[in-house]
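The values are calculated or read from the model by the stated rules, or taken from the named source; none is laboratory data. A quick note: this is a predicted structure, and the numbers were derived from the prediction, not measured. As a convention, Cβ positions derive from the backbone with ideal geometry for all residues, glycine included, and neighbour counts pool all protein chains shown.
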Amino acid sequence: MSDLLERLRGRGWRLTSQRRVVAEVLDGDHVHLTADEVHSRAVERLPEISRATVYNTLGELVCLGEVLEVATDGRAKRYDPNAHRPHQHLVCSGCGAIRDVHPQGDPLAGLPQGERFGFVLSGAEITYRGLCPECADRG
């Protein structure tokens, strides 16, 4: 389970009922929802929450560094609350499902010095692709 709500409280971020509901919807392991999915789930908990409030709250959470914005292959952006634990993503090429994965080793070490072109590396984003079990069974 992610600790998004706990992190936000620790920052002193004002948790209005709308912000709290968005954070609750995002909280959990392997949560990679689109803004529309966040809105749909938030409305179930707080019927009066607007789409604009959800989008604004997601933008604030990304700016705070508490949620990652994940974009894959031209699909809708997804929001990942696992912003403080190093991980990579495994994406289904069929349905677009995303899972957090934790490969061993330093991903920065995989890029040889000759391929760095003088860059001082600060991070790496690696996306693994394949078919989830459901899509693989259909194919």
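Condition check ((1) surrounded by 15 or more Cβ atoms within 10 Å (Cβ to Cβ); (2) among the basic types (Lys, Arg); (3) touching a residue at least 12 places away in the same chain (Cβ under 8 Å); (4) not assigned by TED's automatic domain parsing to the domain that holds residue 100) across all residues:
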| position | (1), (2), (3), (4) |
| --- | --- |
| 31 | yes, no, yes, yes |
| 37 | yes, no, no, yes |
| 43 | yes, no, no, yes |
| 58 | yes, no, yes, yes |
| 61 | yes, no, yes, yes |
| 64 | no, no, yes, yes |
| 68 | yes, no, yes, yes |
| 73 | no, no, yes, yes |
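When we screen 123, 105, 114 for residues that are within 26 Å of residue 6 (Cα to Cα) and loosely packed, with under 11 Cβ neighbours inside 10 Å, the only hit is 123. Applying a threshold of 7 Å to beta carbon distances and a minimum spacing of six or more residues, or different chains, the list of pairs starting in segment 105-126 at a residue that is outside the structural domain of residue 71 (by TED's automatic domain parsing) and ending at one that is among the β-branched types (Val, Ile, Thr) and modelled with pLDDT under 90 reads 107/126. Given the criteria modelled with pLDDT under 90, out of contact with any Ser or Thr (no Cβ under 7 Å at 6 or more places or on another chain) and assigned to a loop (DSSP other than H, G, I, E, B), does residue 109 qualify? So residue 109 fails the test.
Just one of the numbered conditions (1) at pLDDT 90 or above; (2) not in a helix (DSSP H, G or I) is not true of residue 38: (2). Against the conditions (1) within 27 Å of residue 128 (Cβ to Cβ); (2) assigned to a helix (DSSP H, G or I); (3) polar (S, T, N, Q), residue 18 satisfies every one except (1).
Quick check on segment 89-97. Is at least one of its residues more than 20 Å from residue 131 (Cβ to Cβ) and either among the acidic types (Asp, Glu) or not in a loop (DSSP other than H, G, I, E, B) (or both)? There is no residue in segment 89-97 that is more than 20 Å from residue 131 (Cβ to Cβ) and either among the acidic types (Asp, Glu) or not in a loop (DSSP other than H, G, I, E, B) (or both). Restricting attention to segment 45-56, the residues being surrounded by 18 or more Cβ atoms within 10 Å (Cβ to Cβ) and in a loop (DSSP other than H, G, I, E, B) number 1.
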